[in-house]
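Notes to accompany the following structure.
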4 protein chains.
Amino acid sequence: MIRVGVIGATGYSGAELVRILSGHPEVELNLLTSRQYSGRRFDSVFPSMAGMIDLVCEDFDADKVCDRADFLFIALPHKIPMKIVPELVNRGKKVVDLSADFRFSDASKYEAFYQPHTAKDLLEKAVYGLCEVYTERIKQAVLIGNPGCYPTSVLLPLIPLLRGNLLDGDSIIADSKSGVSGAGRSTSLTTHFCEANESFKAYKIAGHRHNPEMDELLSLEAGKPTHITFVPHLVPMTRGMLTTIYATLVGNIDMECIRDRLASFYSGRSFIRICPDDRVPDTLHVRGTNFCDIGVRLDKAHKRLILVSAIDNLVKGAAGQAVQNMNLMLGFEETAGLFHVPFPV
Amino acid sequence: MIRVGVIGATGYSGAELVRILSGHPEVELNLLTSRQYSGRRFDSVFPSMAGMIDLVCEDFDADKVCDRADFLFIALPHKIPMKIVPELVNRGKKVVDLSADFRFSDASKYEAFYQPHTAKDLLEKAVYGLCEVYTERIKQAVLIGNPGCYPTSVLLPLIPLLRGNLLDGDSIIADSKSGVSGAGRSTSLTTHFCEANESFKAYKIAGHRHNPEMDELLSLEAGKPTHITFVPHLVPMTRGMLTTIYATLVGNIDMECIRDRLASFYSGRSFIRICPDDRVPDTLHVRGTNFCDIGVRLDKAHKRLILVSAIDNLVKGAAGQAVQNMNLMLGFEETAGLFHVPFPV
Amino acid sequence: MIRVGVIGATGYSGAELVRILSGHPEVELNLLTSRQYSGRRFDSVFPSMAGMIDLVCEDFDADKVCDRADFLFIALPHKIPMKIVPELVNRGKKVVDLSADFRFSDASKYEAFYQPHTAKDLLEKAVYGLCEVYTERIKQAVLIGNPGCYPTSVLLPLIPLLRGNLLDGDSIIADSKSGVSGAGRSTSLTTHFCEANESFKAYKIAGHRHNPEMDELLSLEAGKPTHITFVPHLVPMTRGMLTTIYATLVGNIDMECIRDRLASFYSGRSFIRICPDDRVPDTLHVRGTNFCDIGVRLDKAHKRLILVSAIDNLVKGAAGQAVQNMNLMLGFEETAGLFHVPFPV
Amino acid sequence: MIRVGVIGATGYSGAELVRILSGHPEVELNLLTSRQYSGRRFDSVFPSMAGMIDLVCEDFDADKVCDRADFLFIALPHKIPMKIVPELVNRGKKVVDLSADFRFSDASKYEAFYQPHTAKDLLEKAVYGLCEVYTERIKQAVLIGNPGCYPTSVLLPLIPLLRGNLLDGDSIIADSKSGVSGAGRSTSLTTHFCEANESFKAYKIAGHRHNPEMDELLSLEAGKPTHITFVPHLVPMTRGMLTTIYATLVGNIDMECIRDRLASFYSGRSFIRICPDDRVPDTLHVRGTNFCDIGVRLDKAHKRLILVSAIDNLVKGAAGQAVQNMNLMLGFEETAGLFHVPFPV
């Protein structure tokens, strides 16, 4: 059994990690840290888990952490991970970081949208943890920058097609919609029930920090500078993310060809489901799961491809993909701890 | 007092008409028809209105209708209105029809997406009731084809810019999101609470019947055949529609210029609110109102304009605009019966 | 036109007052105060009202307030009103206070559940503003303690029956359910969308501060010390409150008798709707209205009466009743500004 | 591996059975029947399970069923099970029936609220499957009448106290609140999103068919005829049931004593969680689980006990308890297939 720890266990991504890891057959969940709830039993912070998790939240302490865990998940706000991850890696720990701190390979891009980067040398070592795309590199990694929820929903449908030069990179638009849990557990008017309920709105239009993250990866995959137009929206539901992508096809390709390309690219990968013609992705169908459902349609008149992806923002968009990364890094079954039958509703 | 009737009063659009008309200072609501609830008091079908509406639902009968009402709203499913409207118009009644039957000027387009049209001669007489755009023609009209909810949310932001030749017509994409009441009051799995709640999904991707309706109007306004890519989505909320539009700018125009163009086009029109920089349209802000809020953003790298509009699908997207059309046709204040202060939440 | 001001205009009750008052035919809304948003336009805090309210929030200042308004609504947290109301009343202003500060006639009961009372002499002057019950006293009042939302939903069905000695006072249980807006606009985990959505729970079981408020009134009405068992619950919806009351009947009375008693007690009162047999109160039916719907059933085996009441907690449970109180105090139509036709959904 | 079948697999309880059974370590899910969806893949009816369930829905045929399964779950509407269960039992199958058909031991009570009973002789054989209460009898049973969701939430907190003679049976009131999935997957205005959203209401007040079911069990446990007052309500959420019970204590007992009694009665039973003082049951905490959380409070003035229970109506209230019954009947671990870590939100 591998001993694992969750650093920052009481946000929604952290708590979801606790849920998944405590049911994982190959690991022992051994350590939870939380600044806010230090000293309190974890299950008193999340009473749904009462009696299921026998751990007390602790303050972060590098020595203690290294002593008690072999593998670490970092679910802290941007900026803090780059301060603590270097020591953990230096002391031989493997790490999946869920913040943006180790997602960029070009520090200047990170710095343009976040803050000065204080662990630049580690960026080279870090692998972008989009599991179904960078599988082989992930298997060798000691440090993973776990993708953001929006980039996961955008990149999974796009990369196979960009690699195949099937799309005009300048034409890509991603219109994303996220459940409220994506805004985290901190309280604010945005997440106040009465302000989110019966409300649908866009935010950070063409200005969200996941935009440069996607652009960097898409540029890499397209082999040339690529910038997509990205507009996130907030949906009155707890979990789920749906992204509708518009992109102009290059050459004479039909919808079946696109679907085949996606199906063959993701062949054998349990968590990607390419929807047949009579089914469209729906956040309800992936709620609580690590699935990414992808649908394909075409507006023939403009040769405009329409891709729709659905994920659970807290699972495939955060904690689930993080555990999937661990599974790859440690040579476990890729689906270990993650492959439950979904709820019907 | 003008005597008005609502034909098909017990669907959501019909009931919303009843709500608005019964509080309208210039009209007397005199007649409600409903096939399903014939013989029942209207307020037993919608108990929120108990004691407020003293009418009993009746079967449709042209003589009775013409006897008791001077102005008629038709809130019936497509296909039925074209059977009954001709007689009403011939007998001198003014009519606002909320179905698609009188929205198209080209019958062949209607027939391609609906069914054979049996009242083609009336199409010429009918005016497309987008109030803030076709105001003068509406004032002269005897028959209005009341716009669909999606077209209203798409055309209001686009037409001022298309008329000014500011946009590339081939580049337009409309990504719309509607509350569940848009699906009507008929029961189905789609509208079942447990299938809609915590669910966000696209439907009728690039195949919705409002697409040709928008295309016809946009072609007219652009002065050349124009087809937009349109994808509707379903949001787990009762009321509200938000549309995010993407279009490439022609020439060197900035965001302020676009906002100014919209502001001046809609200057003096009470129901259009162009949002300043620090505010984005939100369905919650227009809930229960006849407002259309419009926001403007730009993705500079691609000169791609992003327009966001928010309406209440049952009010500005249906019953409210229908009453606004009546106000224009009968020379009332445009805002009569429609200009209540919105709820804070 | 009477000039009115709202002290504490940016909480939900305050904003609802602004909504109602700005559409009230007899008053001019002239002054809004808000500590948190002082200096900001009100409609930037509640963008639904953009363009409808042309006032800027100000800090509270007694001179300014007395200068600019003749009638004041206080929508501040408990404890602050008793500091500012005495001066307003002394300077000849009429006041409706929405906090608990002037609801109790016995200061010691207030002090047992809140804090020391610093304006005890005003308690005598203050009238408990349950409009349909204390109408005559309200008409003479200069200061109203506006009832809490829970007490409104509990007292309206009970008082007519207690006055008639139809119920055993010791047997009364009130099981109440409130929408989230009842918790106010302050942010907290309780009102976080993800913690309230798909959640139904009781809170402050037999310990809520509205319990002694109800007990004082019921004791008064019953003519002997009366304490009811009261359990509030939180419902995943924005607005609405439903209360289910259980009480044992005294003597041989049937359901019709109870319904008749309620109907005759509230005869001629526009906002009370006694539901017939085939209808049950539903928060959706009173959403956005000042109605209180009341239903009556009987569990014959135990002679146990079951009363169900539904109100909108922000309207009849707060701002609506406050305006109704003003209407009574100033001799306006009781329904002025409050009698809109409800939404069908 | 035991081969199991689900008769009536495409309602919500049936689908939830499929979810649980397909992840159960001791059984092989081998057969699904559905009249409505016969011939269709199960995962096309519930697309969340796409690729996870490789079965096609079939028409019911007793021979086929007996051939292919050793253990059967019946999730059909009342009245149908009593026609098909006798043959299954006669042919040696073990059966858990989720309808009311085998819940009553007194056929006349069933007949008073349902219809004539056509398999009365089986009623004696059938055991009421309230797992934590009738454990030993369940272990010996060949036919289980699986409890209704409301009775489960009412009986689990009450029975330990009634057996201990701690409560006055005539004083018991159960005020229950259920998520919409309790109304099943059939479409109706009641389950229409727009009629259920933002709606909270009571229904079948003191007239619900689960009332006699509870009364029969409580009479048995109390040793004398016992009838409780029962009012169910509908909550705008998908899953979850919360019941608030009021009952007068007999003798001088305090809250700790009650809590201890419950704790000792359910000692060692994994699915019952007695909440400590600082926690109240919340449907969100049991969502998707087989837990029943129970909280205890006291209104001292009236010696009135307040019990609150929370379950997931589709799991502990239906499919989960059904599988738990199977586990007991077949000698598996009681928690097999049912003991996942709950979601944090």
Semi-axes of chain A from the Cα gyration tensor (sqrt of 5 times each eigenvalue, largest first, whole Å) come to 32, 22, 20
Could you give, in nm with one decimal, how far residue D:125 is from each other copy of that position, shortest first, with labels 7 Å out from Cα toward Cβ? 6.8, 7.4, 8.1
About the Cα centre of segment C:149-313, how large is the charge dipole given +1 on each Lys and Arg Cβ and -1 on each Asp and Glu Cβ? Please answer in debye to the nearest 20. 180
Can you give the FRET efficiency to the nearest 0.05 for residue D:111 and residue C:263, using r as the Cβ-Cβ distance and R₀ = 35 Å? 0.40
In Å², what does the accessible area per residue of segment A:149-313 work out to with a 1.4 Å probe? 27
In 10 Å bins starting at 0, how do the alpha-carbon pair distances of segment B:149-313 split up by percent? 10, 39, 35, 13, 2
Looking only at chain C, where both bridge partners belong to it, what percent of the DSSP beta bridges are antiparallel (to the nearest 5)? 45
The correct pairing of chain B residue and whole-Å distance, for the Cβ nearest the axis that maps B onto A, is B:175, 2
Leaving ligands, DNA and RNA out of it, rank A:93, B:303, B:177 by accessible area with a 1.4 Å probe, largest first. B:303, A:93, B:177
Cβ-Cβ cut-off under 10 Å around residue C:44, Lys and Arg +1, Asp and Glu -1: the net charge is +1
Determine the percent antiparallel among the DSSP beta bridges restricted to segment C:98-238, to the nearest 5. 20
Averaged over residues of C:42-49, the number of beta carbons from other chains lying within 10 Å of each residue's Cβ is 6
Mean-position separation - Cα centroids, segment B:1-66 and segment D:306-345, in angstrom: 49
Per-copy distances of the residue D:67 label point, shortest first, in nm (7 angstrom along Cα→Cβ): 6.6, 6.7, 9.4
In the structure shown, do any of B:94/B:139; A:109/A:201; A:93/A:139 have a Cα-Cα gap over 19 Å, and if so which? A:109/A:201
Which is the longest run of chain A containing none of the chymotrypsin sites (Phe, Trp or Tyr not before Pro) found in DSSP loop states (not H, G, I, E, B) with at most 16 other C-beta atoms within 10 Å? A:1-202
Sorting from shortest, the nanometre distances separating the label point of residue B:254 (7 Å past Cα along the line to Cβ) from those of the same residue in the other copies are 4.9, 7.4, 8.0
Rg from C-alpha atoms of segment D:72-152, normalised by the globular rule of thumb 2.2 N^0.38 Å, equals 0.99
With an 8 Å Cα cut-off and a minimum separation of 6 or more residues, compute the relative contact order for segment C:149-313 in percent. 30
Restricting to Cα pairs under 8 Å and 6 or more apart, the percent relative contact order of segment D:18-111 works out to 21
Rule-of-thumb check for segment A:259-305: C-alpha Rg over 2.2 N^0.38 Å? 1.27
If you count, for every residue in B:201-208, the Cβ atoms of partner chains within 10 Å of its Cβ, what is the mean? 6
If the cut-off is a Cα-Cα distance under 19 Å, which aspartates and glutamates reach residue A:303, setting aside same-chain residues fewer than 8 apart in sequence? A:168, A:170, A:175, A:254, A:256, A:260, A:277, B:168, B:170, B:175, B:215
Please report the carbon-and-sulfur percent of the accessible area for the protein assembly as shown; probe 1.4 Å, protein heavy atoms only, DNA, RNA and ligands left out. 48
For the pair C and D, how large is the buried accessible area, both sides, in square angstrom to the nearest 100, if the probe is 1.4 Å? 3600
Check: segment C:1-160 dipole with +1 on Lys, Arg Cβ and -1 on Asp, Glu Cβ, in debye: 140
In 10 Å bins starting at zero, report the fraction of Cα pairs in the protein assembly as shown per bin as a rounded %. 2, 8, 16, 20, 21, 18, 11, 4, 0
Taking amide H positions as placed 1.01 Å from N in the peptide plane, with prolines and chain starts having none, which residues 5 or more places from residue C:128, or on another chain, fall under 5 Å of its amide H? C:145
Vicinal HN-Hα couplings computed from phi for segment B:44-58 (Karplus, 6.51 cos²θ - 1.76 cosθ + 1.60; Hz; Gly/Pro x): 8, 7, 10, x, 4, 8, 3, x, 9, 10, 9, 10, 10, 5, 10
Near residue B:24, within a Cβ-to-Cβ distance under 14 Å, what is the net charge of the other residues, with Lys and Arg +1 and Asp and Glu -1? -4
State, as an integer percentage, the relative contact order of chain D based on alpha-carbon contacts under 8 Å between residues 6 or more apart. 17
For the Cα atoms of chain A, what angle does the longest principal axis make with the long axis of helix A:12-21, in degrees from 0 to 90, nearest 10? 80
So who's got an amide H within less than 5 Å of the one on residue C:55, skipping anything under 5 residues away but keeping other chains? H placed 1.01 Å off N, in plane. C:42, C:43
Inter-chain shielding of B:169-178 (mean C-beta neighbours from other protein chains, 10 Å cut-off): 4
Quick check: pseudo-label points 7 Å beyond the Cα along Cα→Cβ at residue C:300 and residue C:63, how many nm apart are they? 7.2
Chain A - charge dipole about Cα centre, Lys and Arg +1 at Cβ, Asp and Glu -1, debye rounded to 20: 260
Rounded to 5, the percent of DSSP beta bridges in the protein assembly as shown classed as antiparallel: 50
Ranked by GNM mean-square fluctuation in chain A (Cα springs under 10 Å), the top entry among A:153, A:48, A:99 is A:48
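The values are calculated or read from the model by the stated rules, or taken from the named source; none is laboratory data. Note that the structure is a prediction, hence the values are computed from the model and not measured. Glycine gets a Cβ as well: all are built from the backbone with ideal geometry, and neighbour counts include every protein chain shown. Side chains included, ligands, DNA and RNA excluded: accessible areas come from the protein's heavy atoms. Shrake-Rupley method; radii C 1.70, N 1.55, O 1.52, S 1.80 Å.
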